[in-house]
Amino acid sequence: MTNALDREAVAASHNPLGFDGIEYIEFATSKPQALGGVLERMGFRLIAHHRSREVELYRQGRMNIIVNAQAADVPRTVQPTERPVLSAFAVRVRDADAAFRRAQELGAWEIPVRARAMELNIPAIHGVGESLIYFVDRHDEFSIYDVDFRTIPGVDPHPPSLGGMHFFGIVQYVGADRTADWVEFYAQIFGFAPLPDSVRFGILPKGLLLQSPCRTFYLQLIEPEEPARYAPAEEHLQRVGFGTPDVLATVGILKSRGVEFLASERVHASDRGALTTASLGSVMFELVHDVPAPSAPPR
Amino acid sequence: MIFSDFGMDTASLAGALELKLAAVRRAGFSQVMIAASDVVGHPSGVDAGVRAVRESGLRVTGLEMLRDFEGLDGRLHAYKVDVAKSMLEVCGWLGGRRLLVEASTSTHAEADADAIARDLRMLALLAIPLGIRIAYKGMSWSRTAKDFSAAGEIVFRANCPNLGLAIDAFDVLASGVALDDLDAIDPEQIFLVQLSDYMWQDVRSTEEQTATATHFRVFPGEGAHSEGLADFITRLDAIGYCGDYSFDVYNDDYLQMPPEKVAARAQRAAEWLGETVLRRALPIPNMERLRPAAPG
């Protein structure tokens, strides 16, 4: 009896929100078509337009990307500019409202409802810089996109993923000596846990890795290099990482679609990972060798 | 001597914010502690107050003062969270990296250590996205933390990387807290040290101490406890503290004097401290990163 309770307590403390991966990632830009072109080369398809706002939904496999060109109407959120910005990510949880309330009690900043890209009442908190973090539940039962979006006629709403790509992680740039603060933030609110330095993914062995409590998603916190430590800290979400079981094969597929990869002495495609060159001044994607667990196969 | 370790406090000076900042700068200081009322009470509005600070070229030591935050329940707690969020936002606009928080004196505050730690932890988490650290200061007439030692225990219990201590020399001098207690404090946990002296040899009652603290403080070197102050700073230096020193001098007389005159007194105090007390060697270059970055 006591042991069973203990085990439950351990499970609850390990994943207090029932965190279950990433529902979508959002970019903000005033040039949504240009970013759409970049996403399409990466294998995403435009599948739906928002019913009332300048917001589009791209998808491949289980990955959803929202492109938001709507002007922001609250402070501390991204104002769309030509240079696309990673403006939000949405975490799947057991009970979004409960997760949102808990986050507020712990010390998260809530966002007024009208400020968000979606009209559904999706609760959100402030993340790093001007970015937001949404809480989404019931992702198994119905699609949150059905309410807000109009599917484009004749388009396959479930395009397959290229090379088995799936959301793997997000790289976040943090200020000097700020890693511990952000570890605390993600650990407290979401149950992320720092990984030891010996665990490394991809080809850029920098920063600190945080693992989601569902162990399928990672945040990589990177502090400025030594000479830049005195510059004013610009903290932001920098790039998205896609997992793929065969990095070099996926690189091949993407190259044939016009995607360019960094090929320097220090950073070049290998079976561990690869990094695209920057498009539109700021958008780059990382590929990381990762075979998803059999319980969650990419569609 | 590293003059840049010392800063003034806008609450020590009379006049418009721009004039206070100019006086601080002319006296050779490179940093200033900002009293929130100086910014939000700017006659041309908050934005103008923020602009004045950012254009002054001075580094913001921190924003003060959040009071009576911890240990409250229900509606009172929610109200104070709103106040705290507003202060954190102002601090962020200024490019400040620290919010100074005084241990609660509210009779409504419960003294349960876990509740206090939980509230401070929440405050610290609120401050993380804004890049702000919380400097928590014990005071002898507080209900929740009566000195830096008690505040240190709460900070330890709350265990949040951006939550640390502010230590006020006045509270150490006036309450006779044993300096040996400093040895138990991790210097990395000290986010700010405030310096001031006062004229009387002795303060007898809590009432007298409160009145002295809020009206009759003077700059280091001007008061009756130069020796005690010197011991205090030497001790901090010995345990490895290498952060900022702010002059938190609240004195009704100074508020009736031109800010330049008061700033000149602060300048003498910084020189006295640097030359007589600290005789600090030049810092090792890598130690610079322990100092807060310049405002953005």
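Every read-out reported here was derived from the displayed coordinates using simple, explicitly stated rules and does not represent laboratory data. Source: prediction; values computed, not measured. Cβ placement follows ideal geometry from the backbone for every residue including glycine, while neighbour counts extend to all protein chains displayed.
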### Query
Over its Cα atoms, what ratio of radius of gyration to 2.2 N^0.38 Å does the stretch B:80-132 give?
1.19
### Query
So which GluC sites (Glu not before Pro) in the stretch A:172-240 end up in coil per DSSP with only 14 or fewer other C-beta atoms within 10 Å?
A:Glu225, A:Glu234
#### Entry: For the stretch A:202-259: rounded, prolate or oblate by the Cα gyration tensor [a/c cutoff 1.5]
oblate
### Alpha carbon convex hull of the stretch B:55-211, volume per residue in cubic angstrom
122
### Query
So what is the relative contact order of the stretch B:1-80, in percent, for Cα pairs below 8 Å that sit 6 or more residues apart?
29
## Note on the structure
For chain B, percent of DSSP beta bridges that are antiparallel (nearest 5) comes out at 10
### Query
How long are the three semi-axes of the equivalent ellipsoid for the stretch A:197-299, computed from the Cα gyration tensor as the root of 5 times each eigenvalue, in whole Å, largest first?
24, 19, 13
### Query
In whole Å, what is the distance between the alpha-carbon centres of the stretch A:73-111 and the stretch B:110-148?
26
### Task
Give me a single rounded figure for A:179-186: the average over its residues of other chain Cβ atoms within 10 Å of their Cβ.
5
## Note on the structure
Note: A:Ala180 to A:Lys255 extended length (0.36 nm per residue) minus current alpha-carbon separation gives 23.2 nm
### Task
May I ask you to list the lysines whose Cα is less than 23 Å away from that of B:Lys261, ignoring any residue fewer than eight positions away on the same chain?
B:Lys20
### Query
Hey, got the Cα dimensions of the stretch A:77-235 along the principal axes, in Å, largest first?
52, 40, 35
### Message
Below 23 Å, Cα to Cα, which lysines can B:Lys146 reach? Residues fewer than 8 away in the same chain don't count.
### Response
B:Lys80, B:Lys137
### Query
What's log10 of I(q)/I(0) for the stretch B:1-126 at q = 0.23 Å⁻¹, Debye sum over Cα points only, no solvent?
-1.23
## Note on the structure
Exposed-loop cut sites defined as chymotrypsin sites (Phe, Trp or Tyr not before Pro) in DSSP loop states with at most 15 other Cβ within 10 angstrom; longest site-free run of chain B spans B:1-140
### Task
For the stretch A:26-117, report the translational diffusion coefficient in µm²/s to the nearest whole number, using Stokes-Einstein at 20 °C, 1.002 mPa s, and a Kirkwood Rh over Cα pairs.
149
### Task
With no solvent and one equal point scatterer placed on each C-alpha of the stretch A:156-207, evaluate the Debye formula and give log10 I(q)/I(0) for q = 0.17, 0.18, 0.22 Å⁻¹, two decimals.
-0.74, -0.79, -1.00
#### Entry: Relative counts (whole %) of C-alpha pair distances in chain B, using bins that are 10 Å wide
6, 30, 38, 23, 3, 0
#### Entry: For the stretch B:138-252: Kirkwood Rh in Å [reciprocal of mean 1/r, alpha carbons]
14.3
### Message
Only bridges whose two residues both fall in the protein assembly as shown count here: according to DSSP, what percent of them are antiparallel, nearest 5?
### Response
50
### Task
May I ask which residue of A:Leu221, A:Phe19, A:Ser87 lies farthest towards the positive end of the charge dipole of chain A, with charges of +1 (Lys, Arg) and -1 (Asp, Glu) on Cβ and the Cα centre as origin?
A:Ser87
### Task
Express the Stokes-Einstein translational diffusion coefficient of the protein assembly as shown in µm² s⁻¹, to the nearest whole number, given a Kirkwood radius over alpha-carbon pairs, 25 °C and a viscosity of 0.890 mPa s.
94
### Message
Once you keep just the Cα pairs under 8 angstrom separated by 6 or more residues, what percentage relative contact order results for the stretch B:131-259?
### Response
24
### Computed magnitude of the charge dipole of the protein assembly as shown (debye, nearest 20; Cβ of K, R +1, Cβ of D, E -1)
1940
### Task
Considering Cα pairs under 8 angstrom that are at least six residues apart, work out the relative contact order of chain A and quote it in whole percent.
19
### Query
Where both partners of a DSSP beta bridge lie in chain A, what percent of those bridges are antiparallel, to the nearest 5?
70
### Task
Taking every pair of Cα atoms in chain A, average 1/r, invert it to obtain the Kirkwood radius, and report Rg/Rh to two decimals.
0.95
### Query
Placing +1 at every Lys and Arg Cβ and -1 at every Asp and Glu Cβ, with all other atoms neutral, what dipole size does the stretch B:68-122 have around its Cα centre, in debye to the nearest 20?
320
### Message
In whole Hz and in residue order, list the ³J(HN,Hα) couplings for the stretch B:237-246 that follow from phi through the Karplus curve 6.51 cos²θ - 1.76 cosθ + 1.60, θ = phi - 60°; x for Gly and Pro.
### Response
4, 5, 7, x, 6, 9, x, 7, 10, 10
### Query
Can you give me the Cα centroid spacing of the stretch A:246-281 and the stretch B:30-101 in angstrom?
46
### Query
Roughly how crowded by other chains is peptide B:160-169, in terms of the mean Cβ count from those chains within 10 Å of each of its Cβ atoms?
2
### Summary
Charge tally for neighbours of A:Pro32 with beta carbon under 9 Å away, counting Lys, Arg as +1 and Asp, Glu as -1, is -1
### Summary
Across B:124-137, the residue-averaged tally of Cβ atoms belonging to other chains within 10 Å stands at 5
### Query
Which order do peptides A:210-222, A:191-203, A:151-163 fall in by mean Cβ count within 10 Å, highest first?
A:210-222, A:191-203, A:151-163
### Query
Among all the lysines, which ones have a C-alpha under 29 Å from A:Lys206's C-alpha, if same-chain residues fewer than 8 places away are not counted?
A:Lys255
